[in-house]
Amino acid sequence: MKTILADFAKEQVKKIKESRSFEIPKFSAGDTVSVKYKITEGGASRIQAFNGVVIARTKSEENYAATFTVRKLSSGIGVERKFTLYSPLISGIEVLKYGAVRRAKLYYLRSLTGKASRIKEKLDFLDHKLGEKEASAEKVLNSENS
């Protein structure tokens, strides 16, 4: 019974990935994302962006029922929204910032306000630039010695 359900979920994920026009980026708790979500009001439908910090992810990306929770502040009030990763109503996910956190679930952010609720940003690009500067400095030293 379990394998039948697992196989069905894998097939569904495969179908959705093939039919989608965008690729789901790698993101985790602490990252700031912009989720483009289709909203239908009356007869008209539009796409609305929900920008915020991912405070939780459930299940793996291979699971059809995988979800993630995004939290944002709107007029000083905390708003959380739970999205299904493979929902047909999601038209795009964009990672704005990668956060450096040490937890998988950031529910403690609910009780924090202001500067206390900020999350450090991963700055991986600095390591690469430092490596380039060191390499260029070595080239200059080698050319002066020659």
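At-a-glance table
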| quantity | calculated |
| --- | --- |
| Candidate set from the range 26-67 (those that are more than 17 Å from the chain's Cα centre (by Cα) and farther than 19 Å from R81 by Cβ); member that is surrounded by the most Cβ atoms within 10 Å (Cβ to Cβ) | Y64 |
| Test result for S28, of a type in the set (G, A, S) and either free of Cβ contacts under 8 Å to residues at least 12 places away in the same chain or in a strand (DSSP E or B) (or both) | no |
| All positions within the range 68-94 that are surrounded by 15 or more Cβ atoms within 10 Å (Cβ to Cβ) and of a type in the set (A, V, I, L, M) | V70, L85, I90, I93 |
| Selection status of S87, within 20 Å of S21 (Cα to Cα), without any contact (Cβ under 8 Å) to a residue 12 or more places away in the chain and out of contact with any helix residue (DSSP H, G or I) (no Cβ under 8 Å at 6 or more places or on another chain) | yes |
| Filtered residues of the range 29-87 (kept if among the charged types (D, E, K, R) and closer than 17 Å to I119 by Cβ) | D31, R57, R71, K72, E80 |
| Breaking point among (1) in contact with a Phe, Trp or Tyr (Cβ under 8 Å, 6 or more places away or on another chain); (2) touching a residue at least 24 places away in the same chain (Cβ under 8 Å), for E80 | (1) |
| The range 1-25, subset touching a residue at least 12 places away in the same chain (Cβ under 8 Å) and either closer than 21 Å to R71 by Cβ or among the β-branched types (V, I, T) (or both), residue surrounded by the most Cβ atoms within 10 Å (Cβ to Cβ) | V13 |
| Residue, nearest to K38 (Cα to Cα), within the range 69-109, restricted to residues that are among the hydroxyl-bearing types (S, T, Y) and in a strand (DSSP E or B) | S91 |
| Those residues of the range 52-84 which are within 19 Å of I16 (Cα to Cα) and either aromatic (F, W, Y) or touching a helix residue (DSSP H, G or I) at 6+ places or on another chain (Cβ under 7 Å) (or both), in sequence order | E62, N63, Y64, F68, F83 |
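No lab work stands behind these numbers, since they all come straight from the coordinates. Everything numeric in this text was worked out from a predicted model, so none of it was measured. Counting neighbours? That spans all protein chains shown, and the Cβs are built from the backbone with ideal geometry, glycine included.
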